[in-house]
Amino acid sequence: MSIVTVRSMPFWCVGNPLSDPFGGPVLPKIDSLEVAKLIAEGKQQGLIDATAFHDDDLVPWDPNHLEDDLDPASPVYAKLHAIKAVLNEAGVVFNSAVCSLHGNPLFHNGGLCNPDPEIRKLARQKVFRLLRMGQFFGAKYYIYWVARDGFEVPVVTQWDKVYDWLAEGLNGAREYMLANGMTNYLGGTVEPKPNEPRGHMFLPTAGHAVGFIYGKLHEPDFWGVNPELLQHEGMALQNSVLTVAYLVSLKKLLFLHFGSQIKAQFDDDFPPLVGPEGLKETVMMFYTLKKLGWKGPVEFDCHALRAEVNRDDPLASRRQFIRDCSEALDIALKLADRIQEPAPGLSQTAADLASIRQLCGL
Ligand code: XLS
Ligand code: MG
């Protein structure tokens, strides 16, 4: 029995047009219904089971029509129904729903922690709309990714308020779920990240996220963390094995975001196992999760390499990306299965070398 109960492939990964700060998209943006079809295809081929989305991945957001998702006459309503039909038919389930508080320029100085009360209110209403969409699709988790809630200039940051604003936003989201019978949500997760897009973000690591949950949220048992490994923690020079072991011991590891990373860089979001670093760390992470008896969803959070996609066949590039991620997860799990509990009395070095021999089949 695999420790991975669900493989989730998000809309934002498949649909990613692969821009970076120095260059625009190298793939054409495709309509969300086309993305849904690629995800459905991945499910039919047995590569994935589930998906995840930001509201903005599926439909546009208009601050003047905050409840368009409920209006049968709106194009948003029609699009959500069309997407659901495609995914339901293929049997794709929804792992998580995330509110984008990073894409729209209105949120350039933050979402739930924006210093402007009007923008904070708008952010909370956008979260409510996202929660309704998640309920409509039957999403299992609501993710709060820290996004633009952060700072560059300490002297203008309202340190006496930012964490209260964040708590207000997340406690409010939970109250909204309860008031509206959103029993689809098994939990809410905080997704920490140290920087990017902000110079620093307010919940930089898994440890910060857990502290915040216990210190500031009204229903700490409902909340957990979805660390992004190897990326976000690796940006802060944290080790993934330690992060997952710590979260499991606190019963806070609800699911993983998964990809690969060069330590201390910007968010590489390489596909799992791809790139010059991280093979051993990834394998040891799954070995440790297995040893701890953890089971749960793994959600890919990465994108195809910008340098290699076939610009003439963007759909094929996206199909290949789904296949590559699923295959990489298979490889990581198989490699983790090769590692044996070290014989008692071995030195640390001998135990490590033995595990490397097992990993490499030597
Ligand atoms: C970005 C994050 C983001 C979240 C969802 O760095 O990984 O994609 O997972 O908003
Ligand atoms: Mg992520």
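Structure summary
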| read-out | value |
| --- | --- |
| Subset tally (residues that are more than 18 Å from the chain's Cα centre (by Cα), closer than 16 Å to ALA245 by Cα and not charged (D, E, K, R)) for the range 255-285 | 2 |
| Qualifying residue in the range 291-312 (condition: of a type in the set (S, T, N, Q) and under 17 Å from LEU247 (Cα atoms)) | no |
| Answer residue from the range 239-267, given it is within 15 Å of ligand 1 (Cβ to nearest atom) and either charged (D, E, K, R) or in a helix (DSSP H, G or I) (or both) and is most open to solvent (accessible area, probe 1.4 Å) among those | ASP267 |
| Candidates ASP164, ASP160 - the one that is over 23 Å from LYS79 (Cβ atoms), in a helix (DSSP H, G or I) and either within 16 Å of ligand 2 (Cβ to nearest atom) or charged (D, E, K, R) (or both) | ASP164 |
| Enumeration of residues in the range 222-238 that are away from ligand 2 (no atom under 16 Å from the Cβ), touching a Gly at 6+ places or on another chain (Cβ under 9 Å) and open to solvent by 10 Å² or more (accessible area, probe 1.4 Å) | PHE222 |
| The lone exception for MET284 - which of (1) open to solvent by 30 Å² or more (accessible area, probe 1.4 Å); (2) under 23 Å from GLN44 (Cβ atoms); (3) at pLDDT 95 or above it fails | (2) |
| Residue in the range 336-354 that is surrounded by the most Cβ atoms within 10 Å (Cβ to Cβ), counting only those that are in a helix (DSSP H, G or I) and under 30 Å from the mean Cα position of the chain (by Cα) | ALA336 |
| Residue list for the range 278-297, filter: in a helix (DSSP H, G or I) and basic (Lys, Arg) | LYS280, LYS290, LYS291 |
| Set ASP20, ASP56, ASP49: member being open to solvent by 40 Å² or more (accessible area, probe 1.4 Å), more than 24 Å from ASN104 (Cβ to Cβ) and either among the charged types (D, E, K, R) or within 17 Å of the chain's Cα centre (by Cα) (or both) | ASP49 |
| Neighbours by Cβ (under 7 Å, 6+ apart or cross-chain): first from the range 318-335, closer than 17 Å to VAL6 by Cα; second open to solvent by less than 60 Å² (accessible area, probe 1.4 Å) and in a helix (DSSP H, G or I) | ILE322/VAL14; ILE322/LEU38; ILE322/GLY42; ALA332/THR282; ALA332/VAL283; ALA332/PHE286; LEU333/PHE286 |
| Single residue of LEU130, LEU178, LEU112, LEU166 found to be away from ligand 1 (no atom under 16 Å from the Cβ) and among the hydrophobic types (A, V, I, L, M, F, W, C) | LEU178 |
| Where a residue in the range 289-315 is within 26 Å of PHE94 (Cβ to Cβ) and without any contact (Cβ under 8 Å) to a residue 24 or more places away in the chain and its partner, wherever it lies, is of a type outside the set (Lys, Arg) and open to solvent by less than 60 Å² (accessible area, probe 1.4 Å), with Cβ under 8 Å and at least six apart | none |
| Counted residues, the range 53-97 - those being touching a helix residue (DSSP H, G or I) at 6+ places or on another chain (Cβ under 7 Å), within 16 Å of ligand 2 (Cβ to nearest atom) and either more than 30 Å from ARG198 (Cα to Cα) or not aromatic (Phe, Trp, Tyr) (or both) | 4 |
| Test: residue in the range 187-201 that is open to solvent by less than 40 Å² (accessible area, probe 1.4 Å), outside any loop (DSSP other than H, G, I, E, B), in contact with a Pro (Cβ under 8 Å, 6 or more places away or on another chain) and within 13 Å of ligand 1 (Cβ to nearest atom) | yes |
| Which listed residue is touching a Cys at 6+ places or on another chain (Cβ under 7 Å), open to solvent by 20 Å² or more (accessible area, probe 1.4 Å) and within 16 Å of ligand 1 (Cβ to nearest atom), from PHE270, PHE300 | PHE270 |
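The values are calculated or read from the model by the stated rules, or taken from the named source; none is laboratory data. Computed from a predicted structure; not experimentally measured. With ideal geometry, Cβ positions are generated from the backbone for all residues, glycine too; neighbour counts draw on all protein chains shown. To get the accessible areas, we keep the full protein, side chains included, count just its heavy atoms, and leave off ligands, DNA and RNA. Shrake-Rupley method; radii C 1.70, N 1.55, O 1.52, S 1.80 Å.
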